[in-house]
Amino acid sequence: MQDIRRFRDRLVATIGAYLRASVDTTGGRLIVDLSTIAQNDARTGIQRVVRALWWLLHDTPLEGYSVVPVVATAKRGYCVAPISDGEVRMPAPDAPLVEIGAGDIFLGLDLAAHRLWRHRRQMARWKRRGATVAITVYDLLPLREPDWFPSSTARNFGRWIRIVMRYADLALCISQQVVADMRSLMEVQGTGYRRLPQLVHLPLSGDISGSRPSGGIDDAGRAIIAKMEQRPTILMVGTIEPRKAHTVLLMAYDHWRDTAGDEAPDLVIVGRRGWRTEALQQRMLEHPARGDRFVWLDDASDELLAALYVRAALVVVPSYGEGFGLPVVEALGFGCRVLARDLPVFRELDREGLSYFESDAPVALVQAMSAALQQPPPVPASMSEDWTVSLSVILHALAIKVKTAASNETPGA
């Protein structure tokens with residue numbers, strides 16, 4: 001543990017140096033978009049990423065730069081967001097718009113597709129004044145598979161990605177799969193743009209503790225934990241939406257119960273209510289084993305989720321498409337076996353304890369889960385694989401981009 005702490009201390013100590021040499025004596029500002037978590041933190045995967053990186057950035061001294069949180073609404077552009085009681089708050093209605101220029105950086109950390117499009121003129125002013133823009137790209141799924149999302153999501157996302165290609169200096173992609181998807185998109189749609197963003201692979205962590213996790217376990221949660229300590233339990237984590245493929249797992253689970261009876265494991269699903277899955281949600285609410293062998297938690301705290309990971313016999317991730325696969329790395333971090341659909345993005349995460357399946361047929365999936373349960377559990381991931389590594393990648397990429405921009409603006413350079 002002392003070696004791990006020393007590793008983290010050394011890494012944190014180098015972060016400030018990345019940007020320190022990139023600005024003149026007047027310094028600059030790192031403007032961080034937190035629009036979604038300030039207004040409606042759903043506390044799902046992307047929000048855990050945003051919280052973890054924001055608070056690490058907030059707590060890390062960056063000599064030469066001030067870190068400024070900003071929020072935009074659908075009707076009002078980006079304004080400085082106050083911080084109170086450890087939370088990012090909404091700006092006052094009459095708060096002035098943020099204006100930035102040369103030496104400043106806008107970091108689009110949050111996913112705020114519809115807001116960024118509405119305030120594109122504000123961003124255009126920033127770019128004309130010499131600001132550097134970096135935007136996090138979590139996936140391109142609304143463009144690739146629009147039927148998985150509400151129609152407004154695909155429409156807003158299409159507008160947002162055009163803003164990214166037009167104004168961003170850096171596109172921070174959370175997996176090599178997203179890097180490849182962005183590169184393909186720019187090859188097809190980027191011919192009309194004067195300059196396209198540089199693509200940077202941003203590795204993520206599965207350390208829930210680093211994301212200012214929500215706390216609280218009620219009596220019902222403690223009862224679930226107690227039962228998981230007595231019976232092998234399959235766990236699935238993900239919002240109830242089409243691409244997550246809850247139906248596939250539920251059909252396999254029903255087949256397992258029908259053929260094995262009490263020998264079949266229990267099933268716990270953790271996921272908030274999503275879109276285009278009304279029939280599935282009703283089926284889960286009316287499931288004959290609900291409350292006994294099957295549990296659906298639609299509002300679990302991060303503390304409870306961590307406790308479930310620790311006690312799960314197997315985490316199943318049947319999703320048809322992801323930008324990264326946070327439940328995979330979270331579960332492996334807790335030393336839990338994981339069975340995931342055989343997707344390229346999940347192959348990037350390949351390590352001890354992770355196995356794959358291909359067929360959605362209930363018989364085949366039950367066989368795959370049974371085989372995965374026979375594998376030894378993995379050693380929990382090292383705490384050195386935390387959010388500090390992710391932040392260092394962001395800051396290093398920003399430093400290089402800012403220094404390059406400054407050199408290009410220097411007469412005779």
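The values are calculated or read from the model by the stated rules, or taken from the named source; none is laboratory data. This one's a predicted model, so the numbers in the text were calculated from it and none came from an experiment. Quick reminder, even Gly has a Cβ in these numbers, built from the backbone with ideal geometry, and neighbours come from all protein chains shown.
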When every residue in the range 36-71 that is in a helix (DSSP H, G or I) and of a type in the set (Val, Ile, Thr) is compared, the one nearest to Asp298 (Cα to Cα) is Ile46
Which numbered condition Val328 misses (of (1) β-branched (Val, Ile, Thr); (2) farther than 27 Å from Leu172 by Cα; (3) surrounded by 16 or more Cβ atoms within 10 Å (Cβ to Cβ)): (2)
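Would you say Leu267 is surrounded by 14 or more Cβ atoms within 10 Å (Cβ to Cβ) and under 16 Å from His246 (Cβ atoms)?
Values: surrounded by 14 or more Cβ atoms within 10 Å (Cβ to Cβ): yes; under 16 Å from His246 (Cβ atoms): yes.
For Leu267, the condition - surrounded by 14 or more Cβ atoms within 10 Å (Cβ to Cβ) and under 16 Å from His246 (Cβ atoms) - is met.
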Where Arg351 falls short, out of the listed (1) at pLDDT 95 or above; (2) touching a helix residue (DSSP H, G or I) at 6+ places or on another chain (Cβ under 8 Å): (1)
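Select from the range 144-162 the residues that are assigned to a loop (DSSP other than H, G, I, E, B) and among the hydroxyl-bearing types (Ser, Thr, Tyr) and list them in ascending order. It would help to see each step written out before you state the result.
If we filter the range 144-162 for residues that are assigned to a loop (DSSP other than H, G, I, E, B), which is where we start, we get 145, 149-150.
Of everything in the range 144-162, nothing turns out to be assigned to a loop (DSSP other than H, G, I, E, B) and among the hydroxyl-bearing types (Ser, Thr, Tyr).
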Scanning the range 25-76 for residues that are modelled with pLDDT of 85 or more and of a type in the set (D, E, K, R) gives Arg29, Asp33, Arg48, Arg51, Asp59, Lys75, Arg76
Given the residues Leu297, Leu308, Leu202, Leu250, which is the only one that is within 26 Å of Leu349 (Cβ to Cβ) and in the same structural domain as Met165 (by TED's automatic domain parsing)? Leu202
Of all residues making up the range 126-142, the number that are over 21 Å from Ile240 (Cβ atoms) and buried (at least 16 other Cβ atoms within 10 Å of the Cβ): 10
Against the definition (touching a residue at least 60 places away in the same chain (Cβ under 8 Å), hydrophobic (A, V, I, L, M, F, W, C), touching a Pro at 6+ places or on another chain (Cβ under 8 Å) and more than 29 Å from Gly215 (Cβ to Cβ)), how does Ala252 come out, yes or no? yes
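Among the residues in the range 303-316, are any closer than 29 Å to Asp181 by Cα and surrounded by 22 or more Cβ atoms within 10 Å (Cβ to Cβ)? Write out each step before concluding.
Of the range 303-316, the ones closer than 29 Å to Asp181 by Cα are 315-316.
Among the residues that remain, those that are also surrounded by 22 or more Cβ atoms within 10 Å (Cβ to Cβ) are: 315-316.
Yes, because at least one residue in the range 303-316 is closer than 29 Å to Asp181 by Cα and surrounded by 22 or more Cβ atoms within 10 Å (Cβ to Cβ).
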Would it be correct to say that Ala279 is assigned by TED's automatic domain parsing to the domain that holds Glu352 and either surrounded by fewer than 20 Cβ atoms within 10 Å (Cβ to Cβ) or among the β-branched types (Val, Ile, Thr) (or both)? yes
Ile400 fails exactly one of (1) over 23 Å from Val50 (Cα atoms); (2) assigned to a helix (DSSP H, G or I); (3) without any contact (Cβ under 8 Å) to a residue 24 or more places away in the chain, namely (1)
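Hey, among the residues in the range 72-98 that are assigned to a strand (DSSP E or B) and touching a helix residue (DSSP H, G or I) at 6+ places or on another chain (Cβ under 7 Å), which one's nearest to His114 (Cα to Cα)?
First pass over the range 72-98, keeping only residues assigned to a strand (DSSP E or B): 79-80, 83-84, 87-88, 97.
Still in the list and also touching a helix residue (DSSP H, G or I) at 6+ places or on another chain (Cβ under 7 Å): 88, 97.
Details: Val88: 20, Leu97: 18 Å.
Applying the filter and picking the extreme gives Leu97.
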Check whether at least one residue in the range 222-233 is more than 18 Å from the chain's Cα centre (by Cα) and closer than 22 Å to Leu398 by Cβ, and report yes or no. no
Quickly run through the range 327-383 and pick out the residues that are of a type in the set (A, V, I, L, M), free of Cβ contacts under 8 Å to residues at least 24 places away in the same chain and either in a strand (DSSP E or B) or touching a Lys or Arg at 6+ places or on another chain (Cβ under 7 Å) (or both). none
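Collect the residues in the range 354-391 that are hydroxyl-bearing (Ser, Thr, Tyr) and modelled with pLDDT of 90 or more, keeping them in residue-number order.
Applying the first criterion (hydroxyl-bearing (Ser, Thr, Tyr)) to the range 354-391 yields 355-356, 359, 370, 382, 384, 388, 390.
If the condition is that a residue be hydroxyl-bearing (Ser, Thr, Tyr) and modelled with pLDDT of 90 or more, then Ser355, Tyr356, Ser359, Ser370, Ser390 are the ones that fit.
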